[in-house]
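The structure under discussion appears below in the form of structure tokens.
The values are calculated or read from the model by the stated rules, or taken from the named source; none is laboratory data. Bear in mind the structure is a predicted one, so any value in this text is a computation, not a measurement. Here the Cβ is made from the backbone with ideal geometry for all residues, glycine too, and neighbour counts use every protein chain on show.
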Amino acid sequence: MNHETPPPVSPLAPAVRPAAILALLEAAFGAGSTAVVDDSHHHAGHATAGGAGHFRVRVVSDRFAGLRTLARHRLVYTASAPLMPQDIHALSITALTPAESTTG
């Protein structure tokens, strides 16, 4: 059995990162329930980012029902893991059920 670490994935062009994040999240949580905002311009010169971006996501899904915030965030991080850390440096998450999204 091979236990070698896979080679790092080449970073995506910054312009396509939001669409790539959206595709991963919609595959995990359903289409039409997700929004991605690239906040990287607010962090220009952030040396520790290594070229990766800062993003805000809002995900609405029935999968969050009965889960606390930490568990919801873990699901979002798991779904976006293929883009970490080479394309996503920071991820601000709002994870709601459909009922929560309509009540404020």
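Answer yes or no as to whether residue 90 is part of a strand (DSSP E or B), small (Gly, Ala, Ser) and modelled with pLDDT of 80 or more.
Yes.
Go through (1) in a helix (DSSP H, G or I); (2) at pLDDT 85 or above for residue 67 and report which single condition fails.
The one condition residue 67 does not meet is (1).
Please work out which residue is modelled with the highest pLDDT, limiting yourself to the stretch 37-60 and to residues that are assigned to a loop (DSSP other than H, G, I, E, B) and farther than 21 Å from residue 96 by Cβ.
So, considering only residues that are assigned to a loop (DSSP other than H, G, I, E, B) and farther than 21 Å from residue 96 by Cβ, the one modelled with the highest pLDDT is 52.
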